[in-house]
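Student: What follows is a single structure, and I will ask about it in a moment.
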Amino acid sequence: MNDNDIAAMLPQLVDPATARQATTFIRQTVGLDDLRMLAISWQASQLTLAEYRRRGIPDTVFVDTMECFTRFSNEHRISYGTYGFDRDSWTWRQLSLRLFRLGQLEFEYPCTAEDSFLPGDGKQINIHIASNASIAPEACADSLRRAKTFTERFFPEYADAPYACDSWLLSPELAKLLPDASNIIRFQRMFDIVAVHPEDSHWREWVFQRNPAPVAELPEHTSLQRAIKRHLLQGGYIGAAVGRLKPCGDEA
């Protein structure tokens, strides 16, 4: 695939109807050339910015949302020792204006049931937590206020949609390990849990930076790492859970 071929495909990367498939096709073509994939994504982001401006979405939202590319490249370095980019299967959402960072949290407006967290075909808004996000109650409240205003202005068809989150941070197991006053537990109390997935292993990526070591050899640099490692060594699990945001995002 030459530069002209790539340039011709860039509009497909920012169209939510084709972004996922176009991203997969380009990745299969460039293979393991992460930096080329990153460069192509940045080329596409110029079309994304143009669409932001056409719709009147503030440039600040664009900057905050596209920070994901820097974050993912840095996470690759932490995990593997070199800069790279392997999150293109995720970032088509940002490029096609389906996912936005509003304050500390990210909000996705899924087009299909496949990308939705709650069962059914109705509209919903997915909440995502970036690795550098604060989930302190005041930060979450601020993001939710921003999301409400943003949704009413730019995605009015989602104005009455429920908010949902699928994350290891919602795992009921964490309540056995952490104090009630911790930000993680307070974040959990904002949701009604609707499904639990004990087999989910994404927690390892976020807590231990994809460390493939046996549990007994996992690092213990933070109190969370120590608590989870101890729990695992005692035969426990972490997994993940899906939660539906309570009205007004209350903890009660």
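A short reminder: the numbers here are calculations on the coordinates, not readings from a lab. Owing to the predicted nature of the structure, the values given are computational and were not obtained by experimental measurement. Don't worry about glycine lacking a Cβ; one is built from the backbone with ideal geometry, like all the others, and counts go over all protein chains shown.
Student: Would you work out the relative contact order for the chain, in percent, from Cα pairs under 8 angstrom that are 6 or more residues apart?
Tutor: On the way: 360 pairs, mean separation 40.4, N = 252.
Computed value for the chain: 16 percent relative contact order.
Student: Can you give the calculated 222 nm mean residue ellipticity of the chain, where each DSSP H run of n ≥ 4 adds -39,500 (n - 2.57) and the sum is split over every residue, rounded to the nearest 500 deg cm²/dmol? Write out the running numbers ahead of the final one.
Tutor: Values: 9 runs with 117 residues, N = 252.
Theoretical 222 nm ellipticity from helices: -14500 deg cm²/dmol.
Student: Counting only Cα, what are the radius of gyration and maximum Cα-Cα distance Dmax of the range 105-252, in Å?
Tutor: Cα only, the range 105-252: 16.1, 50 Å (Rg, Dmax).
Student: Over the range 2-81, what is the relative contact order in whole percent, taking alpha-carbon pairs under 8 Å and six or more residues apart?
Tutor: Result for the range 2-81 is 23 percent.
Student: Treating only the Cβ of Lys, Arg, Asp and Glu as charged (+1, +1, -1, -1), what charge dipole size does the range 1-97 show about its Cα centre? Round to the nearest 20 debye.
Tutor: 200 debye
Student: Still on this structure: Based on the alpha carbon coordinates of the chain, what radius of gyration and maximum Cα-Cα distance (Dmax) apply, in Å?
Tutor: Values for the chain (Cα only, Rg and Dmax): 18.9, 56 Å.
Student: In the P(r) worked out for the range 155-234, what percent of Cα pairs fall beyond 18 Å?
Tutor: Counting pairs separated by more than 18 Å, the tail of P(r) holds 49 percent.
Student: Taking the chain as a Gaussian network, Cα atoms linked when under 10 Å apart, which of Glu67, Glu173, Glu114 shows the biggest mean-square fluctuation?
Tutor: Among Glu67, Glu173, Glu114, the largest GNM mean-square fluctuation belongs to Glu114.
Student: Compute a Gaussian network model of the chain, connecting alpha carbons closer than 10 Å, and tell me which residue from Arg54, Arg210, Arg20 fluctuates the most.
Tutor: Per the Cα network of the chain with a 10 Å cutoff, Arg54 tops the list.
Student: Here's a follow-up. Roughly what % of Cα-Cα distances in the range 1-97 sit above 17 Å, to the whole percent?
Tutor: When all Cα pairs of the range 1-97 are counted, 48 percent exceed 17 Å.
Student: Relative contact order of the range 105-252, please, whole-number percent, based on alpha carbon pairs below 8 angstrom and at least 6 residues apart.
Tutor: 28 percent
Student: Have a look at Asp64, Asp166, Asp180 and tell me which one the Gaussian network model of the chain (Cα, springs below 10 Å) gives the largest fluctuation.
Tutor: Asp180
Student: Explain nothing, just the number: dipole magnitude of the chain about its Cα centre with +1 on each Lys and Arg Cβ and -1 on each Asp and Glu Cβ, in debye rounded to the nearest 20.
Tutor: That gives a dipole near 360 debye.
Student: Around Ala39, what is the net charge, scoring Lys/Arg as +1 and Asp/Glu as -1 over all other residues with Cβ under 12 Å from its Cβ? Walk me through the numbers before you get to the answer.
Tutor: Details: positive: Arg36; negative: Asp3, Asp33, Asp34, Asp88.
With Lys, Arg at +1 and Asp, Glu at -1, the net is -3.
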